[in-house]
Amino acid sequence: MSVKNQKPQVFTRKRRRGSFQAEFALGSFHHQLASHVGGVVYGAHVAVQAFHRAMLRYSNVERWELFAAPFDFERAGREIKALGRGKTRIKNINVHKFNELSAGLEGNRLTAWHSIHADQTPFLLRHLFARTLYPITLTHHTVSYASMLHRWFLPLLLADAYPCDAVVCTSTAARQAVSNLLAYVKEEFDRAYGTKLEFGGRLEVIPLGVDTEIFRPRNKAKLRERLGLPRDAFLIMWLGRVSATDKADLLPLLSVFRQLVRDHPGRRLRLLICGTPQEHYADIVRHYAQALGLGRRVVIRKEIDPEARHLFLAAADIFVAPTDNIQETFGQTPVEAMACGTPQVVSDWNGYRDTVRHGQTGFLVPTRWMKSDEDLRGLNAITHDSGFQHLALAESVVVDLRAFQDYLQALIVNDSLREEMGRCARARALETFSWETVIGRYEELWLELARMARRLKLREARENARMSYLHPSFTNLFAHYATGLISDQARLHLTATGRRVLEGEEGLPSFQELSEVLQTDLLCEALELLGRQRRSASLSRLVKTLGRKGDYLSDHTRRHLLWLLKYGFAELAEEGKI
C-alpha cells in the first residue's frame, strides 16, 4: 500500500534528443539551494546550486524525481523552477514529500539515485523499500573533519552497498584520501570488534564544473572601472574565504609580493584579496601588509557578492592560491579563473594538480610536508570540527616561496606568456570542466552502473542486518513513556464533538506543521466511517476498511485514528483500555 498525499509538483519541459535509449529516471533529495550562507563566497552550497542548475540545463534524463522535506515542499518547487529559467532539458521534474518515499522508490521506477550532498540515507531507503536494484551515487565535498570518521566513513562501510554503487570524488587526490580513510576506519573497527567491514561500491573521479558562459574572458579595463579597481595596475588576485583555519594562510604570500614590488619599482603591482573573512584573519592580513611596508598595494575587498566573483576573476592578471589545508579536496576558484582566461599560480596541493596544467594554464608551486601530528591524534575526539587540527596541520605545510616568486615573476614580465596561458586555460575549462561535459560524465557513469545493476540481485533485507539499527520503532523504544497502550482490539466510537464536525457545524483544527503529518481527507473518511457505526468499532477493523478504501498504510491510518482520540472527536470504549 502507499500513502495518499498531496500530488507532487510537476514541471514539464521540451527536451532535446539525448543519449538515453530508454526512459531514465533519477532520484535525488532536494536540499536548500541557497547560493551562500552568511556571505561566504564559495562552498558546498554554491556547488550544490551549480550542480542542480547544470542538471536542468544539460542532462538528458527523462525524469527527475526530487524528494523534499514537507516544510520545504513548496519552496523546493519554486527553487527548481527558478534555477531552470525556461532552459530545462529534462522532460519531467517531479517534486515529492519525504513521506512518499516508501511508495516513491518503487512506484517511480528509478533507474539511479544521486546525492550531491554525499548523504548515505539512499542506501537505507533502498534497503527498506526497493524491490528492484538501482545504483546509488554520492558526491562528497570535504572529507577531513574528525567527526566524519563515525558520521560518514563508518556508515559507508556499514551501508548495504553493491558493486553498482559509487562514491564520486572530485579529484584523484580526494579519491586517494577517501580510500585511505575507509581503509583506516575498516582496519581499526575490524581489529577492535572482530568485524569484516567493506564498502561494496566503487570510488570514481568526476570533477566539479564551471559555467563557462558566465565565467569567461572580458574586457579588463571596463571591468575594473565597473568594480572600482585601478585600471592601469597589474592585479594579482586571491578570491575565496579569507581564513587560515580552513583555506590558506596568506601571510607568506605577502612576503613574496613584497619582493616582487621591490624587483619592479616601475610597475604598479597590486595584490587584491577578495572574499569573506572569517574571524579576525582579514585584519591580521592587513596589519602584516602594513608591517611589510606594502601599504595601499594590498587591497582587501570584503563581502563581495558571490554572484559577481566571475567579474573579479576576469579582471585579474593572475589568480593565486597558496592553499595549504586538508579541508580542500578540489578547489573551485582555480577552475573559475581558468574559464575566465586568467593564468593560475597555485600550490601543488590536492585537487589543484588535477585542474591546473603546469606550464600550460599556469604554474603549480611545490609543497613539502612531513609526519608531525602524533600529539594531535588524541584531540580528534574532543575538538571534532573546530578547525584546530586543520590550522595546526596547515601551518606545517611548506609552500615553496622561491618557486612561487619565480612563477609570478615570469608572468609579470612576459605578456605573451600570460596571454598564451590565458588562452590555454580557457580552452581547458571548455573541454574538461564545463558543466555540460561534467553532467555528461555523470550520465555515462549512471548508465554503466544501471547496466551492472540489472545483472545483480537485490539482497533480502534479512541478508544484510548491518543497517537494521538505523530504522528503529520509536513507539517500541519509548512505549514506557505512556501510562498505558492501546491495542488493535480497542473499540472506538464517535463523540458529540466528532458528530458536530461530521455534520458541518464545526471544523477540524489545523496549523501548518500539523498539515504536514495528517491528511484531512483521511480524517474525514475516518469520521464518516465512525459515524456509520451503530455502536463502537474495533481499531483493527477501522484500519482495514480505510486501507481498502483509500490505499493507506496501516500505521499511517492508526496515527490518524489516534489523533481523533487526542482531540476528543472519538473516544475509547472502557474495555479498550489496557
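Values in this text are rule-based calculations from the coordinates and carry no lab data. This one's a predicted model, so the numbers in the text were calculated from it and none came from an experiment. Virtual Cβ from ideal backbone geometry, glycine too; neighbours counted across all protein chains shown.
What the table shows:
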| read-out | value |
| --- | --- |
| In Å, descending, principal axis extents of the Cα set of segment 63-196 | 52, 32, 27 |
| Additional length obtainable on full extension of the chain from residue 81 to residue 427, 0.36 nm per residue less Cα span | 121.4 nm |
| Mean Cβ count within 10 Å, highest first, over the residues of peptides 356-368, 308-320 | 308-320, 356-368 |
| Farthest toward positive dipole pole in the chain [+1 Lys/Arg, -1 Asp/Glu at C-beta], among 556, 209, 156 | 209 |
| Set of segment 251-277 residues, backbone N closer than 16 Å to the point 7 Å along the Cα-Cβ line of residue 283 | 277 |
| Rule-of-thumb Rg ratio for segment 475-576 [Cα; 2.2 N^0.38 Å; N residues] | 1.04 |
| Dipole in debye (nearest 20) - the chain, about Cα centre, beta carbon charges: Lys, Arg +1; Asp, Glu -1 | 1660 |
| Label point distance in nm, residue 506-residue 413, each placed 7 Å from Cα along Cα→Cβ | 9.0 |
| Per-residue Cβ neighbour rank within 10 angstrom, fewest leading, 340, 524, 424 | 524, 424, 340 |
| Among beta bridges that DSSP assigns inside the chain, antiparallel share in %, nearest 5 | 20 |
| MRE, 222 nm, helices only [DSSP H, n ≥ 4, -39500 (n - 2.57), over the chain, to nearest 500] | -12000 deg cm²/dmol |
| Cα pair distances in segment 220-430, grouped into 5 Å bins until the bin that holds the longest one, percent each | 1, 7, 15, 20, 21, 17, 10, 5, 2, 1, 0 |
| FRET efficiency, residue 533 to residue 227 (Cβ-Cβ, R0 60 Å, nearest 0.05) | 0.20 |
| Segment 87-138: equivalent-ellipsoid semi-axes (sqrt of 5 x gyration tensor eigenvalues, Cα, Å) | 18, 14, 11 |
| Residue 375/residue 259 FRET efficiency (R0 45 Å; Cβ-Cβ; nearest 0.05) | 0.85 |
| FRET efficiency for residue 548 and residue 455, using Cβ-Cβ distance with R0 set to 35 Å, rounded to 0.05 | 0.35 |
